[in-house]
Structures are given as C-alpha cells and as structure tokens.
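Presented below is the structure to which this report refers.
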Amino acid sequence: MYTVEQTPVGKSCDGHYSPDKAGIQLRHGQEKEDGGTRRCRYPFLTASLAKMPPRSVVKECRQGEEYELISQENYEFLRDSYLRYANLSGRGGLPFSPCGNVGADIAKLYMAMAALVGNDIGVNLEQNEGRLKFRLWKCHRWDEPTMYYFPVKFIEGLNPRLSRISATFMHDLMLGNGMNTVLDCEAFDYVMECLFDPDEEPSKEAEERARLCRSYKKGKIGRLLRRVGSKRYYGNLARALDRYMPQNGYEKELVGLMGEGMQFLYPKKPLLDYAYDPYYRENPEFNPIGLESQVMVVYDVQDFMTEYLMDHYNSYYPETYAILPVEILDLSPDTDRLFSMDDDYPTRFSLWADRFIECITS
C-alpha cells in the first residue's frame, strides 16, 4: 500500500492531496455538500424545475448512431422502474401528476427517485443505446487516496519453492481482480521518459535511472513482472500453500497472509469491476485517477519508477478525484430487490491488502 503523498510504506494514512468533496460538488453544479446523492449524468436534470427542461436531448452512440433521450418510451421505462422500486420499499404511487412535457416529467421522476432512496444512496441517470435508466450507487469503504501497489521484488529473496508459490499467488490475485502490472500502466511510457533523458548531464543518479529503465524494458525487472503476469507454477495453489512448512517467522506471516488472501483469488466479482465514476463528465480538464491506476502490481515501492509515478499523480491530483469502488444497482420495471451494501468485498480486500503489502515490504 502506498499513498499519493509519499509516506512510509506499509502505513495507512491519507494523502496530502485529498480532494475537496464540497469543491468537487460545486464544480459539478451542486450548491452544498450532500454526499453526491443528487448528481446525475445528464445536466438538464440539475436545473430548477421552475425552468423549462429541454424537449430534446440527442446522444450519439457507437457506430455514429444517434438516439433521442427525451422520449415517451424512456419516460415510461423510468416511471415503471420507479413504481417497481417504490413498491419494493413499501411505498407506492407517483408523488406528482405528469404534466405531459416529457422532459419535465423525467426530471420530476429523477427528483422523486432521489427522495425515495434518501441521502445515503446516490441516483444517476445512465443511458445505453438510447435507453435511459436509473442507477443507484454508493461508495464502499476505501482509503482515498491510498495506492495499493503490490510489489513483487520480495519473490526474489525467497527459497525456490516459496518463490514459485508466491509468484502463483500474485498471478492469481492480479488476473482474478482485473489488475495490471506497472508495465501496462497508462503512465508507464511517460514515467520512463522522465527517468531517462539522453541529454541529461552525466551523474551517478542518472546512471542508476538509466540502468533501472533498461531493467524494466529488457532486464530482470521486466522479466519478473511479465512472468508474474503470465505464468502459474501450481494448478492447485491452495494445496501447495497448505503443504508448505514455513522456515522462520517471516515465512510464517507471509504464508498466513496468502492463506487468508485465497478468498480474493478469482472472486465472483473482480475488484476492478467495482470501478464506477458517479461524477463523470465528458471532456474534463483533468481525467480522474482510475481504480486501475490505484491497484496494480509493481516491482518495488521504493524505486525511481514508483517515486516518479507517484509524483506524476501528485502533480494533478489536487485538480481532480479518484475513482473508488462503488456498489451499483441498475433499476428496471423488473427489479426484484432493494439496493444493498451487503457485498463488502472491496473493503475486505483493502484491509487485507494493507497487512499483506506491509509484510512484503518490511
């Protein structure tokens, strides 16, 4: 685990550049902090109902096809979705009388849905190929802006058998949760350019950075990261782990944490599938920091690569926000359950990751 503000590895703490939630909401047209529950993907819904909502909103989708979102069909789908959820909640009927203006009635439905679920649950309007739908959402407990960077350097110091077990565990953890290695990080090429400048004045640090770049590209670091990303040594990892007899206190702690972490290998829903941006806007000045950039496999949390990567995120994080694990529920006229936060997988993952990363970096 690492933080945006560079702090001692393995310690849980907030980053220096934690975004201002109230400020983010003001930038998105909200007048005061309310946990984001009144946000939506379509800004026409945030306008006061005293103003006339638009009669037409056309959205261009894939293959250049255009869809009209303000339609009677979409209103009826949203209305029936609302009524279904209201009945599940023990409250039936529309709290308003339709006025015949489809745009205004959709806006009223949105406000009604927000009032129905209360302040603890967010409501967005999403569209898929022209179909508008309600999406309920709420963030899981997650330490923002903590970066869960799983270093694999520790594998090099283990005996051959435990090294193969650990490499298989890291492989399954990564693939089972949709994670990438730093080699596939969107900022990797940029950081490599920062690390190696052919016009830089010769110095010991410059030589060290150049050697590190070569190791990432074609040397042992790159080979280890690619091996972890592509190879398993054990078909039955649980049995191999159970049969291994730790030789010292460190191995006992490591094996115990991997045993505890078996629950996070190939879960029903991978961690990265919880990534959802409830504050999404098209063409933002600064893109939010994606969950895939916060949870990944690296070589070493203390080498130049990680330091430069963290500096990169530090440079623009004050202007944006991080995408966190979010629970969502898309509503339809056939919805059969109420929104629930019973699935606590991201929270359990983060609490275990804190201890596991601290172990392999100590």
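Solvent-free Debye calculation, one equal scatterer per alpha-carbon of the range 223-302: log10 I(q)/I(0) at 0.14 Å⁻¹ equals -0.74.
Put simply, the amide H of VAL297, placed in the peptide plane, has neighbours under 5 Å in PHE150, ASN180, THR181, VAL182, leaving out anything fewer than 5 places away on its chain.
Our summary gives the range 73-201 a relative contact order of 15 percent, counting only alpha carbon pairs under 8 angstrom and 6 or more residues apart. Per residue, the convex hull spanned by the Cα atoms of the range 142-184 amounts to 96 cubic angstrom. Couplings for the range 178-192, taken from phi via the Karplus curve 6.51 cos²θ - 1.76 cosθ + 1.60 with θ = phi - 60°, read x, 7, 10, 8, 4, 4, 9, 5, 4, 9, 4, 4, 4, 5, 4 Hz in order; Gly and Pro are left as x. Inter-label distance, GLU68 to GLU201: 6.8 nm, where each label sits 7 Å from its Cα along the C-beta direction. Relative intensity of the range 114-241 on a log10 scale, I(q)/I(0) at q = 0.14, 0.17, 0.20, 0.23 Å⁻¹, equals -0.85, -0.98, -1.15, -1.34, per a Debye sum over C-alpha point scatterers of equal strength in the absence of solvent. Both radii come from the Cα set of the range 87-139: Rg as radius of gyration, Rh as Kirkwood radius; their ratio Rg/Rh reads 0.98. Shown in residue order for the range 96-107 are the 3J(HN,Hα) couplings computed by the Karplus curve 6.51 cos²θ - 1.76 cosθ + 1.60 at θ = phi - 60°: 8, 9, x, 9, x, 8, 4, x, 5, 5, 5, 4 Hz (x for Gly and Pro). On a per residue basis, the convex hull of the C-alpha atoms belonging to the range 245-362 measures out at 146 Å³. Under the simplified labelling scheme, the ASN101-ASP273 pair shows an inter-label distance of 4.2 nm, with each label point 7 Å from Cα along Cα→Cβ. Between the amide H of ALA322 and those of ILE289, distances stay under 5 Å, these residues lying 5 or more places away or on another chain, with hydrogens modeled in the peptide plane. Accessible surface computed residue by residue for the range 259-362, with neighbouring protein chains in place and a 1.4 Å probe, gives 43 Å² per residue. Once the chain from GLU282 to ASP334 is taken as fully extended at 0.36 nm per residue, the excess over their C-alpha distance is 15.7 nm.
Distance distribution note for the range 179-281: the fraction of Cα pairs above 16 angstrom is 74%.
The values are calculated or read from the model by the stated rules, or taken from the named source; none is laboratory data. What you are looking at is a predicted structure, and each value in this text was computed from that prediction instead of being measured. Counting neighbours? That spans all protein chains shown, and the Cβs are built from the backbone with ideal geometry, glycine included. Surface areas here come from the heavy atoms of the whole protein model, side chains and all, with no ligands, DNA or RNA. Shrake-Rupley method; radii C 1.70, N 1.55, O 1.52, S 1.80 Å.
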